[in-house]
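Enquirer: Structure provided below as structure tokens; questions to follow.
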Amino acid sequence: MTLSELSLHQQARISLLPSDFALSAQLIAQGFALQSVISLAHKAPFNGPLAFYLHGTKMCLPLAIAQQINIELVPA
């Protein structure tokens, strides 16, 4: 499952980052590290960016990048 498939306010852990090293390094610098707990805050219409809660902060990602980040759901 990827970040783009997450339901609103559903929690998950990041399990795999994109294979592109430069993109992964950028994401890690922004806090998108492996095993980080993340939840979906907002989906923009028309395949726009997605907003996530991560480490107590709201972060936005383009849909194309969110589709490259694999997650595992956190049991409720």
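The values are calculated or read from the model by the stated rules, or taken from the named source; none is laboratory data. Values in this document were obtained by computation on a predicted structure and should not be read as measured data. Don't worry about glycine lacking a Cβ; one is built from the backbone with ideal geometry, like all the others, and counts go over all protein chains shown. For the accessible areas, the whole protein counts, side chains as well, though only heavy atoms, and no ligand, DNA or RNA atoms are used. Shrake-Rupley method; radii C 1.70, N 1.55, O 1.52, S 1.80 Å.
Enquirer: For n ≥ 4 DSSP H runs only, could you compute -39500 (n - 2.57) per run for the chain, divide by its residues and tell me the 222 nm figure to the nearest 500?
Expert: Using -39500 (n - 2.57) per qualifying helix, the result is -4000 deg cm²/dmol.
Enquirer: What order do you get for 38-44, 66-72 when each peptide is scored by the mean count of other beta carbon atoms within 10 Å, highest first?
Expert: Result, highest mean Cβ count within 10 Å first: 66-72, 38-44.
Enquirer: When only alpha-carbon atoms are used, what values of Rg and Dmax, in angstrom, describe the chain?
Expert: 11.2, 33
Enquirer: Mind giving me the FRET efficiency for His55 and Ser19? R0 is 35 Å, r the Cβ-Cβ distance, nearest 0.05 is fine.
Expert: That gives a FRET efficiency of 0.90.
Enquirer: Could you state the accessible area per residue of the chain in Å², with a 1.4 Å probe and every protein chain left in place?
Expert: 60
Enquirer: A follow-up question, please. Calculate the tail of P(r) for the range 37-76: the fraction of all Cα-Cα distances greater than 17 Å, expressed in %.
Expert: Every Cα pair in the range 37-76 considered, those over 17 Å come to 30 percent.
Enquirer: Would you kindly derive the ³J(HN,Hα) couplings of the range 61-70 from the backbone phi angles with the Karplus curve 6.51 cos²θ - 1.76 cosθ + 1.60 (θ = phi - 60°), listing them in order in whole Hz, with x for Gly and Pro?
Expert: 9, x, 4, 4, 7, 4, 6, 9, 9, 7
Enquirer: Could you work out what % of the accessible surface of the chain is carbon and sulfur, using a 1.4 angstrom probe and leaving DNA, RNA and ligands out of the count?
Expert: Details: 2630 of 4540 Å².
Carbon and sulfur together cover 58 percent of it.
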